[in-house]
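A quick write-up on the structure given underneath.
The values are calculated or read from the model by the stated rules, or taken from the named source; none is laboratory data. Since we're looking at a predicted model, the values are computed, not measured. Reconstructed Cβ throughout: ideal geometry from the backbone, glycine too, with neighbour counts over all protein chains shown. Note: areas computed on protein heavy atoms with side chains; ligands, DNA, RNA excluded. Shrake-Rupley method; radii C 1.70, N 1.55, O 1.52, S 1.80 Å.
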Amino acid sequence: MMLTRSAEQEQFAASLHDMLAAADVPAAARQWAGGDQAGGLAVWRKLAGAGVTALAVPERWGGLGASPLDVVIACEELGHHALPGPVAESVAVVPWLITALADDVPGERVADRWLPGLAAGDLIATVALPPALPYAADADAANLVLLGAGDVIWLAEPGSRHLSVDPARSLFEVSGHEVLARGPGASAAVTQALQAGALASAAQLLGAGRAMLAAGVRHAGQRIQFGRPVGAFQAVKHHLADVATGLEFARPLLDAAARALAAGDPSAARDVSAAKVACTDAARRAARAALQVHGAIGYTEEHDLHLWLMKVRALAGTWGSQAEHRAQVMAAIAADGGPSWS
């Protein structure tokens with residue numbers, strides 16, 4: 001098994017980074033938080049042109065049929081640039097959820113109905129999967145809203161809106177009005193969707209952590225204390241080095257989980273949970289360090305750091321809490337008989 005990303009994948013990440021940097025996503029995120037989604041939707045259209053919205057859609061429905069690792073690489077860059085909107089839901093979860101239904105004739109009709117639009121970027125999608133995911137993120141920006149619970153998947157409509165800790169993210173209650181799938185196949189698809197969402201949000205967290213580390217390093221070289229840049233002090237250097245180490249150690253877990261999911265490995269659920277824990281911890285550590293380096297200015301909404309701080313706070317608790325994912329990992333270890341120290 002290849003344990004590193006290929007040259008083509010690294011090039012894809014770099015080109016996506018350059019495109020998003022040129023698009024001024026922070027400005028679009030601020031507008032989105034203020035109720036103006038035009039700038040954010042323009043960025044989504046650019047992503048569609050770059051093939052991002054087609055990654056998780058099979059070629060049969062106009063997509064690229066890319067691997068979960070390719071989707072993870074895209075979501076990491078989208079998190080790196082704090083893209084507003086239902087990133088995990090639209091780029092990963094809903095395409096995989098609908099594709100998982102396509103093994104029978106009714107599910108195939110659902111795929112024919114929605115997957116081409118998702119691949120082309122004509123649709124933005126979101127989903128609620130209660131009780132684990134009780135609300136649909138950014139349903140007001142979505143053309144397709146799904147609700148999956150137990151063994152039923154519905155086409156849904158948004159209801160009451162709830163504010164998130166992230167100003168550029170809204171949460172909506174949804175109600176189903178058309179059954180799209182029912183039975184064991186739907187139940188299995190919901191389970192897969194929850195794993196896909198945890199994986200994609202872990203990738204966003206890793207990307208956000210990278211962005212905050214870079215911001216902290218830049219500011220450490222500019223902020224002067226006692227006549228010197230604060231980055232010259234060993235305590236600050238070590239703090240930022242710890243952040244970099246945490247992010248570097250989280251990425252292999254993220255990539256391994258994507259490969260396990262692609263292979264249908266029985267360990268996929270454990271690996272996804274381990275990745276979500278590691279990426280969340282690393283992003284939180286990056287947030288603390290960046291905030292400490294920036295000082296009081298980092299708390300202000302006017303500073304761009306605020307966009308990533310709030311994004312991390314929101315994503316850390318969605319698609320499963322740290323406690324839930326740690327319990328998943330421990331249960332898997334116990335089921336395997338525990339670690340061997342001999």
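Between Asp140 and Ser175, what is the FRET efficiency for a Förster distance of 22 Å, r being their Cβ-Cβ separation, to the nearest 0.05?
That gives a FRET efficiency of 0.90.
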Per residue and in Å³, how big is the convex hull formed by the alpha-carbon atoms of the range 84-195?
87 Å³
Here the range 88-105 yields Karplus 3J(HN,Hα) values (6.51, -1.76, 1.60; θ = phi - 60°; whole Hz; Gly and Pro given as x) of 4, 5, 7, 7, 10, 5, 5, x, 5, 4, 5, 4, 5, 7, 7, 6, 10, 4
Using Cα springs under 10 Å in a Gaussian network model of the chain, which residue among Gly39, Gly183, Gly117 shows the largest mean-square fluctuation?
Gly183
Residues in the range 149-181, backbone N under 11 Å from the label point at Arg109 (7 Å along the Cα-to-beta-carbon vector): list them, ranges by number please.
180-181
For His17 and Val152 in one chain, what is 0.36 nm times their gap in residues minus the Cα-Cα distance, to one decimal in nm?
44.8 nm
Which residue, chosen from Gly35, Pro130, Gly159, occupies the Cα position most advanced towards the positive end of the dipole of the range 28-173, where the dipole is computed from +1 (Lys, Arg) and -1 (Asp, Glu) charges on Cβ about the Cα centre?
Gly35
Between the modelled labels at Glu301 and Thr191 (7 Å from Cα along Cα→Cβ) the distance in nm is 4.4 nm
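Dipole magnitude of the range 258-342 about its Cα centre, charges +1 at Lys/Arg Cβ and -1 at Asp/Glu Cβ only, in debye to the nearest 20?
100 debye
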Calculate the dipole size of the range 59-174 relative to its Cα centre from +1 charges on Lys and Arg beta carbons and -1 charges on Asp and Glu beta carbons; express the result in debye to the nearest 20.
160 debye
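Run lengths n ≥ 4 of DSSP H only: what is the helix-derived mean residue ellipticity at 222 nm for the chain, with -39500 (n - 2.57) per run over all residues, to the nearest 500?
For the chain, the value works out to -19000 deg cm²/dmol.
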Taking amide H positions as placed in the peptide plane 1.01 Å from N, state which residues far from Leu146 in sequence (5 or more) or on other chains have amide H under 5 Å from it.
Thr126, Val127, Ala128, Ala156
Magnitude of the charge dipole, the range 93-155, Cβ model with Lys/Arg +1 and Asp/Glu -1, debye to 20
60 debye
If you find the alpha carbon centre of the range 36-55 and of the range 297-336, how far apart are they in angstrom?
25 Å
Largest first, how would Ile98, Ile333 line up by accessible area (1.4 Å probe)?
Ile333, Ile98
Projected-area mean, the chain, by convex hull of Cα positions, square nanometres:
18.4 nm²
Quick one: if you stick a label point 7 Å off each Cα along the C-beta vector at Ala214 and His162, how many nm between them?
3.3 nm
